[in-house]
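This report refers to the structure that appears directly beneath it.
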Amino acid sequence: DDAALDQLLQNVQQLLAPGGLALFTTPHEENLADGMVFCPQCRQVFHRRQHIRSWSRDSLAEFMARQGFSPVFIDGLDLEAIVVRRAGESLGHYLRRWLRGRMRLLRYWGGRRRRPHLVCLVRQGTG
């Protein structure tokens with residue numbers, strides 16, 4: 001819910017050094033209806049991964065700015081393709097390399113295909 005998300009981002013702000021960076025990932029323009037399931041025991045419909053909103057580049061950038069972060073970079077990426085193409089390489093190592101050459105790699109892996117994940121790099125503080 002909104003209160004839990006706000007609290008999470010407040011905690012991140014407190015943990016970061018002044019001007020520190022944080023990296024977030026989230027589904028990109030997820031169709032929430034596709035993830036809905038029905039529980040026959042409790043008779044409730046809910047999202048199988050507990051997602052409650054869908055993010056676009058613009059909506060995520062605006063939200064992060066309202067939370068006191070300065071977006072450095074937000075773009076789509078297919079994280080599943082990384083695992084397949086770079087077996088044995090840690091995600092952290094890959095993301096560092098990806099951030100250095102992000103646009104070239106996005107074109108290589110993403111092509112014209114929809115990129116199902118957003119990667120969001122933000123700096124503490126607005127400005």
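The values are calculated or read from the model by the stated rules, or taken from the named source; none is laboratory data. For clarity, every value in this text was computed on a predicted model and none was experimentally measured. As a convention, Cβ positions derive from the backbone with ideal geometry for all residues, glycine included, and neighbour counts pool all protein chains shown. For accessibility, only protein heavy atoms count, side chains too; no ligands or nucleic acids. Shrake-Rupley method; radii C 1.70, N 1.55, O 1.52, S 1.80 Å.
State the number of residues belonging to region 20-66 that are part of a loop (DSSP other than H, G, I, E, B), open to solvent by less than 50 Å² (accessible area, probe 1.4 Å) and modelled with pLDDT of 90 or more.
The number of residues fulfilling the criteria is 2.
Suppose we filter region 1-11 for residues that are touching a residue at least 12 places away in the same chain (Cβ under 8 Å) and open to solvent by less than 90 Å² (accessible area, probe 1.4 Å); how many remain?
2
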